[in-house]
Amino acid sequence: MKKSCKTCGNEFLIREEDLIFYEQVKTVLPQYCPDCRMMRRLAFRNERTLYKRTCDLCKNNIISIYTKDSPFKIYCHDCWWSDKWNPKDLCMDYDLSKSFFEQYKELQLKVPRLSLILINSTNSDYTNCAADNKNCYLIFASDADEDCMYGRLIQESKGSVDCAFLYSSELCYECIDTRQCFKCMFCEECQTSSDLLFCYNMRNSQNCILCTNGRNMSNSILNVKYSKEEYDKKKTEILESYESIENTKKEFEKIKSKIIYKYASQTKCHNITGDYIHNCYDGVRVFNASDAKNCSYMADTEQPIDCMDCNNSYYKPELCYNILGILNSSKSKNCAYIFYCNEIEYCENTYNLANGFGCIGIRKGEYMILNKQYTKDEYYILKNKIVESMKTEGLYGQYFPPYLAPFGFNETLGHDYYPVTKEWAKEKGFKWQEKTTGTYGEETIKENCIPDIIEKTPDSITSDILGCKDCKKNFKITQNELNFYRRMHLPIPHKDFECRHQDRIKKRNPRQLWPRSCMCKNEQHHNHTGRSCPEKFETTYSPDRPETIYCESCYQQEVA
């Protein structure tokens, strides 16, 4: 079945498998294409845009994802979880003569919101959408880490800095999509390896420099075996200064432009389309996922089962649909940030809620609508009336409209993946943040005067204000950060965290798929004698890109 998206107007496909799922979770067909559905969800997720403000209850100075001019009540972590207020006291009677979203917006303005979303973390105040971290600083969407700084989606890692999509690794720097690695720097898509420098897609390797698509290699440079002494000499030369590292970055990009790429970064996957996925099967359009089973239209997720259209979902969510931010919840739909919940719809920032509709900030409860408690029978009678009314308006089953998002779209994760203009965003109903964070022009050291060699960098650098090479925003070097650079023999960066993060994200493929064919023409050694490989697939490499793209079989025969 094909439909036309109400936002972008593009035609999109609803598969038979989708129809079965919609029937299973008792919802209606989507009115928006997968990309526009994701945009609406991500408009509710501000991860990295932080502001200084005061808590609206204790009046202490705090760091928050909400500006001081936000229309919402913002509480610090201690106040929000305290007994000084009760979200159930802010309940509303449902008025069947008014639209649901009109009443929901009124509740949004009444119920306090958490300044940051943190769970069970220690000495990690400058983190957000994060849990179970210890001694971490400016990491986002990250769990179970220790002594990590400056990154996004860092999972179960230690002592790593400036990484993205890093899993179960230690002492890594500027690594992307890396798993189970130790002391790797400037690496991409590497696994179970140690002491790699400027490497791409290496497995079970150690002491390698500028190597690509390697397996079980050691003491190698440009995929050629060298002595340990020659390896150490080359590593010292590269890490000698900021300039030598920048030159090696350019060399690394030239090397990558000439290698073979597999159509998707998938390991231990079966019958699934998408990219950057591990141990996943049965689904379409899945990105940045681990252990996903029978899931589609998902991104940034671990261990989901039978879910669809969800972002940032963890701890085995099951039978969830159209949700942003899930921890261990089931049978829920059209929500934002739900933790340990069951059978809820159109709820936001709720914990341990079962059978809720249109609730915000509830910390424990059941059979609630707009934060008001009902008996089981009363709840289902009123809920059914609301659902029927929303269906009549054509609103039920779709995500929250953009005007209910608490952030400007340019503050959110949505803008990372869908960088639209202010004019387009406002035309489609999204908000826009006019004010920018940070300071400019107050640096005590100009960018061209930042020390290039770590051995010549004084302790006093932590007291200085630096200016970013790209955006000119001011930033500082923390003591723990300086200690890390000295330990790893790395020069201090010349860019602020956000620009470094954007540089990493630009190296990754987009969350879009194109139909393509394998480009392998190795007729003699591969299993397609006498012709080019006939294999077809969906890939995140668009047809106009220059890379050489192989199917799984041809690629494995090349790198084995």
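For residues in the stretch 44-73 being of a type in the set (D, E, K, R) and assigned to a loop (DSSP other than H, G, I, E, B), which is farthest from Trp85 (Cα to Cα)?
Taking the candidates together, the pick is Arg48.
Considering (1) in contact (Cβ under 8 Å) with a residue 24 or more places away in the chain; (2) closer than 22 Å to Glu174 by Cβ, say which one Glu253 fails and leave the rest.
Result: Glu253 passes all but (1).
If you go through the stretch 121-131 one residue at a time, do you hit one that is touching a Phe, Trp or Tyr at 6+ places or on another chain (Cβ under 7 Å) and charged (D, E, K, R)?
Taking every residue of the stretch 121-131 in turn, none turns out to be touching a Phe, Trp or Tyr at 6+ places or on another chain (Cβ under 7 Å) and charged (D, E, K, R).
When the stretch 130-183 is examined, which residues are found to be among the β-branched types (Val, Ile, Thr) and under 16 Å from the mean Cα position of the chain (by Cα)?
Ile139, Ile154, Ile176, Thr178
Closer than 22 Å to Cys347 by Cα, charged (D, E, K, R), touching a Lys or Arg at 6+ places or on another chain (Cβ under 8 Å) and not in a helix (DSSP H, G or I): does that describe Asp93?
Taking the combined requirement at face value, the residue satisfies it.
Read through the list (1) at pLDDT 95 or above; (2) touching a Cys at 6+ places or on another chain (Cβ under 7 Å), then give the number of the only condition that Cys554 fails.
Status for Cys554: all satisfied but (1).
Which one is nearest to Ala141 (Cα to Cα) among residues in the stretch 271-300 that are of a type in the set (Val, Ile, Thr) and in contact with an Asp or Glu (Cβ under 9 Å, 6 or more places away or on another chain)?
So, considering only residues that are of a type in the set (Val, Ile, Thr) and in contact with an Asp or Glu (Cβ under 9 Å, 6 or more places away or on another chain), the one nearest to Ala141 (Cα to Cα) is Val286.
Among the residues of the stretch 202-216, write down those that are part of a loop (DSSP other than H, G, I, E, B), without any contact (Cβ under 8 Å) to a residue 60 or more places away in the chain and crowded, with 21+ Cβ neighbours inside 10 Å.
Residues satisfying the conditions are Met202, Ser205, Leu210, Cys211.
Looking at Phe430, Phe409, Phe484, which one is more than 24 Å from Gln512 (Cβ to Cβ) and surrounded by 14 or more Cβ atoms within 10 Å (Cβ to Cβ)?
Matching residue, one of Phe430, Phe409, Phe484: Phe484.
Got a sec? Which of Ser115, Ser160 is crowded, with 23+ Cβ neighbours inside 10 Å, within 30 Å of Leu90 (Cα to Cα) and not hydrophobic (A, V, I, L, M, F, W, C)?
Going through Ser115, Ser160 in turn, just one is crowded, with 23+ Cβ neighbours inside 10 Å, within 30 Å of Leu90 (Cα to Cα) and not hydrophobic (A, V, I, L, M, F, W, C): Ser115.
Hey, among Asp291, Asp300, which residue is touching a residue at least 12 places away in the same chain (Cβ under 8 Å) and surrounded by fewer than 19 Cβ atoms within 10 Å (Cβ to Cβ)?
Asp291
Could you please find all residues in the stretch 292-327 being small (Gly, Ala, Ser) and not in a strand (DSSP E or B)?
Ala292
Being closer than 18 Å to Gln556 by Cα and either over 22 Å from the mean Cα position of the chain (by Cα) or part of a strand (DSSP E or B) (or both) is the filter here, so list the residues in the stretch 254-271 that pass it.
Passing the criteria: Lys256, Lys258, Ile259, Ile260, Tyr261, Lys262, Gln266, Thr267, His270, Asn271.
With a cut-off of at least 3 residues that are over 28 Å from Tyr66 (Cα atoms), name the helices (runs of 4 or more DSSP H) lying wholly within the stretch 331-448.
Fully inside the stretch 331-448 and qualifying: 376-393.
Can you tell me which residue in the stretch 433-468 is surrounded by the most Cβ atoms within 10 Å (Cβ to Cβ), limited to those that are within 29 Å of Leu42 (Cα to Cα) and out of contact with any strand residue (DSSP E or B) (no Cβ under 8 Å at 6 or more places or on another chain)?
Gln433
Can you name the strands (runs of 3 or more DSSP E) wholly within the stretch 474-560 that have at least 2 residues being touching a residue at least 60 places away in the same chain (Cβ under 8 Å)?
Here the list reads 536-539, 548-550.
The values are calculated or read from the model by the stated rules, or taken from the named source; none is laboratory data. A quick note: this is a predicted structure, and the numbers were derived from the prediction, not measured. Note that we place each Cβ from the backbone using ideal geometry, even for glycine, and neighbour counts take in every protein chain shown.
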